[in-house]
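First comes the structure, then the notes that go with it.
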Amino acid sequence: QRLMGGASIGDLARLRFADDFTAAARPEEEPIDSVACRVLDLVARRHGAPYGGGALWVGAADSLPRLARLNLPSGKPAKEMRFTYRENRGAAPHLDRMEIDHLLAAEGLVHTTLALLDVAPRPLDAALFTPAGAGALP
């Protein structure tokens, strides 16, 4: 079975841009919401991937993703994701909101907003940063 509409964001949650796509940087930066961004053109690494490619806009100064557009293998636009961040005094910015536009008529052209309501810092086990510890992550 396949989830449709706003519930179909599970396929996005499984994406690992570094693993799923190869990227080629465009020569010029482009602004997204007044933030200068490097643009990476994406191509799927494997045949049969749910998304054939797209583009990713990453903040030039902070390397945070700002916008992602994903296409089906046919080239048809499928999803657009916008990322906004909350500034923290004395700490790195953290993801505040992710907005997903489902661009396929079959998905009902739905707009989904995920908002992080609370962020609580916690220490990470140093073992996570070893090959064995990282391999145990989902």
- Item | strands (runs of 3 or more DSSP E) wholly inside region 27-138 that include at least 2 residues being open to solvent by 50 Å² or more (accessible area, probe 1.4 Å) | 30-32, 35-44, 77-88, 91-102, 111-115
- Per the filter on region 87-108, residues touching a helix residue (DSSP H, G or I) at 6+ places or on another chain (Cβ under 6 Å) and small (Gly, Ala, Ser) are Gly108
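The values are calculated or read from the model by the stated rules, or taken from the named source; none is laboratory data. Everything numeric here is computed off the predicted structure, so don't read it as measured data. Glycine gets a Cβ as well: all are built from the backbone with ideal geometry, and neighbour counts include every protein chain shown. SASA here: full protein model, heavy atoms, side chains in, ligands and nucleic acids out. Shrake-Rupley method; radii C 1.70, N 1.55, O 1.52, S 1.80 Å.
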